[in-house]
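Notes to accompany the following structure.
The values are calculated or read from the model by the stated rules, or taken from the named source; none is laboratory data. Keep in mind the model is a prediction, meaning the values are calculated, not measured. Note: ideal-geometry Cβ built from the backbone for every residue, glycine included; neighbour counts use all protein chains shown. Note: areas computed on protein heavy atoms with side chains; ligands, DNA, RNA excluded. Shrake-Rupley method; radii C 1.70, N 1.55, O 1.52, S 1.80 Å.
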Amino acid sequence: MVSPGPHRQRRPGDRVIRRRVDAQQVMELPPPPRRRPVPTARSNAKVFALAYIMLVAIGTVLLSSPLASESREWTPLVDALFTAISATAVTGLVTVPTQEHWSFFGEALILLMIQAGGMGFMVGASLVLITLRRSSSLRGSLIMRDGAPTLSLSEARMLTGRILRFMLVVEAIGATLLAVEYSPESDGIFDAIWWGTFHAVSAFCNAGFDLQSGGRSLYGFRESFLINLTVMSLVQLGALSFMFFADLWQRKIWLSPVHWHPRRFWYELQMDSKLILIANYSLVLFGAIAFMIIEWNTGLSHIPWALDKVVASFFQSVSARTAGFATISFSETQSGTLFLWLGMMLIGGAAASTAGGVKLATFSVVVLAVLSTVRGQVEPQFGGRRIPTVLVFRAMTIIAIFLIVHFFLTLSLVFTEDVLNREDFSFLSLMFETMSALATVGVSTGLTGDLSSAGKLVLCVAMFVGRLGPLTAVYALQRRESRQDYRYPEAWVRMG
């Protein structure tokens with residue numbers, strides 16, 4: 001019974017109860033169980049960049065050791081660093097011949113770096129882009145606002161496993177075909193298997209490293225239809241990304257001839273896949289036709305048969321945009337071909353693939369924006385869908401940044417070679433070499449090994465920026481995007 005208040009009369013039978021209150025006791029709660037951090041776009045990007053840098057550092061140290069060289073001597077640090085970055089960035093530019101300079105240990109080390117670089121970029125970029133895509137949706141934005149990631153550990157682990165299986169199966173099939181075709185010219189079964197495995201991994205990862213003597217790439221196999229077709233297929237499978245082929249695989253109606261219909265198949269594809277299909281094969285066809293027209297009597301003059309010239313033209317069109325293999329010498333090609341290939345290398349392959357460049361979808365969005373402007377449309381449209389204006393600005397920004405970086409890197413290479421070392425290199429060759437490094441293509445006119453140490457370091461910077469640059473730009477642009485509750489009044493600017 002509570003004691004009565006000051007204005008309350010006590011009645012008969014009421015009792016005053018006094019209860020002693022104990023002092024407060026401090027209770028120690030057990031610490032919460034540690035939970036593994038769930039990956040986010042930021043964490044995936046940081047882990048990917050850190051792993052890339054560590055792989056380059058370890059590869060440089062091992063390649064510079066005497067064990068990695070054929071002569072058992074120390075390799076200059078600049079050449080070891082250049083090779084490590086080129087292999088990890090899956091570029092293919094070399095300052096020393098791969099077969100003559102490196103021992104079997106060095107070749108195996110290069111192969112491991114190619115595989116790790118290609119696999120890491122395909123997995124890492126896929127995780128980052130999927131997370132960014134989900135965070136751009138309404139549900140993803142609400143989840144991110146609450147502090148939770150949009151990609152769980154189980155989903156990330158499942159996606160990684162699928163990508164690894166895809167890579168290993170494709171590379172195994174390619175290695176078998178190449179080994180069988182190469183076996184008559186090999187010194188034994190082990191030599192054929194090693195040659196097939198090395199070139200299959202290099203082709204799928206779009207690296208462009210080869211084991212031919214004299215740095216001749218695949219010149220000796222320009223008349224082998226099976227090797228040309230296998231390498232082109234591997235390059236395309238690596239350059240179009242796992243995400244593209246996963247989208248095709250989900251539309252399983254194309255496996256059944258009864259239910260297959262072109263319109264239904266095309267309608268169910270994602271916008272990314274449609275743009276990749278159209279842009280990729282349009283560029284392949286355009287590049288092959290242009291190469292035949294320009295080089296029929298020059299770069300292709302060493303190939304006797306017309307059909308082999310056609311195959312070689314398609315091979316250069318497929319490879320020179322992303323892979324770096326060649327069956328002709330680009331030191332003998334016309335200036336028009338080199339200038340055209342600057343644009344081809346700039347575009348590259350698909351997002352989250354082993355290819356470099358600004359990516360096919362980015363290029364397609366800008367082309368659609370140009371066509372829509374010419375038609376008088378306010379927003380770009382394609383396939384009954386409109387593309388948000390923010391994506392157009394983002395695509396234009398990525399291409400502009402890429403071109404600005406290429407301009408300054410070319411200027412730096414001209415300064416190191418023409419001004420400091422007084423080398424007689426043509427400006428177009430230096431521009432071509434810089435774009436090949438920045439787009440991680442690997443096609444060369446043959447002057448990479450003749451560059452000065454400063455020039456090699458410039459190309460190292462180009463390969464490093466080209467490998468991480470586009471993905472970093474996409475992440476930074478999307479994360480910095482903010483919505484405004486107000487709009488400024490319009491102001492027209494005179495153009496033209």
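Projected label points at GLN99 and TYR281, each 7 Å from Cα along the beta carbon direction, are separated by 3.5 nanometres. Were the residues from GLU379 through ASP418 laid out at 0.36 nm apart, the gain over their Cα-Cα distance would be 9.5 nm.
Note on LYS456: aspartates and glutamates with a C-alpha under 17 Å away, same-chain residues under 8 apart excluded, are ASP79, GLU417, ASP418, GLU423, ASP424, GLU433. Legend: residues ARG222, ARG321, ARG422, sorted from most to least accessible area (1.4 Å probe; ligands, DNA and RNA excluded), read ARG422, ARG222, ARG321.
Please say if the stretch 273-389 is rounded, prolate or oblate, where rounded means a/c under 1.5 for a ≥ b ≥ c the square roots of the C-alpha gyration tensor eigenvalues, and otherwise the choice is prolate for a/b larger than b/c and oblate otherwise? Prolate. Using the beta-carbon distance between ARG216 and THR298 and R0 = 22 Å, what value does 1/(1 + (r/R0)^6) give for FRET efficiency, to the nearest 0.05? The value I calculate is 0.75. Across the stretch 231-242, coupling constants 3J(HN,Hα) worked out from phi with the 6.51/-1.76/1.60 Karplus curve, θ = phi - 60°, read 5, 4, 5, 4, 4, 5, 5, x, 7, 9, 6, 5 Hz, and Gly and Pro carry x. Count Lys and Arg as plus one, Asp and Glu as minus one, and take only other residues whose Cβ is under 15 Å from that of SER71; the net charge is then -4.
Sorting check: for 342-354, 271-283, which peptide has the highest mean count of neighbouring beta carbons within 10 Å, and how do the rest follow?
Ranking, from highest mean packing down: 342-354, 271-283.
Computing Rg and the Kirkwood Rh from the Cα coordinates of the stretch 320-434 gives a ratio, Rg/Rh, of 1.07. Expressed as a whole percent, the accessible area of the stretch 382-478 that falls on carbon and sulfur atoms is 70 (1.4 Å probe). At an R0 of 56 angstrom, the distance between the Cβ atoms of VAL370 and LEU457 translates into a FRET efficiency of 0.90.
Put the Cα centre of the stretch 166-199 next to the Cα centre of the stretch 370-442 and the gap is 36 Å. Full extension of the chain between LEU77 and LEU307 yields a length gain of 78.3 nm, computed as 0.36 nm times the residue separation minus the alpha carbon distance.
Close amide H pairs (under 5 Å, H built 1.01 Å from N) link TRP102 with GLU70, residues at least 5 positions away or on another chain.
Residues in the stretch 276-386 average 40 Å² of solvent-accessible surface per residue, probe 1.4 Å, ligands and nucleic acids excluded.
Once the gyration tensor of the Cα atoms in the stretch 201-324 is diagonalised, the equivalent ellipsoid follows with semi-axes of 31, 17, 13 Å, ordered largest first. Around the Cα centre of the stretch 311-415, unit charges on the Cβ atoms of Lys, Arg, Asp and Glu (plus for the first two, minus for the last two) sum to a dipole of about 360 debye.
Hey, any idea what % of the stretch 266-314's accessible area is carbon plus sulfur with a 1.4 Å probe? Exposed carbon and sulfur together represent 72 percent of the surface. Counting heavy atoms of the protein chains alone, SER444 has an accessible area of about 40 Å² for a 1.4 Å probe.
Using the 1.4 Å probe convention, the accessible area of the stretch 91-131 works out to 27 Å² per residue with neighbouring protein chains retained. Here the extension length gained between TYR488 and PHE265 equals 75.9 nm, from 0.36 nm per residue of separation less the Cα-Cα distance. Listed values for the stretch 362-374 are Karplus-derived 3J(HN,Hα) couplings in whole Hz (6.51 cos²θ - 1.76 cosθ + 1.60, θ = phi - 60°), namely 4, 4, 5, 4, 5, 4, 5, 5, 5, 5, 5, 5, 5, and x replaces Gly and Pro.
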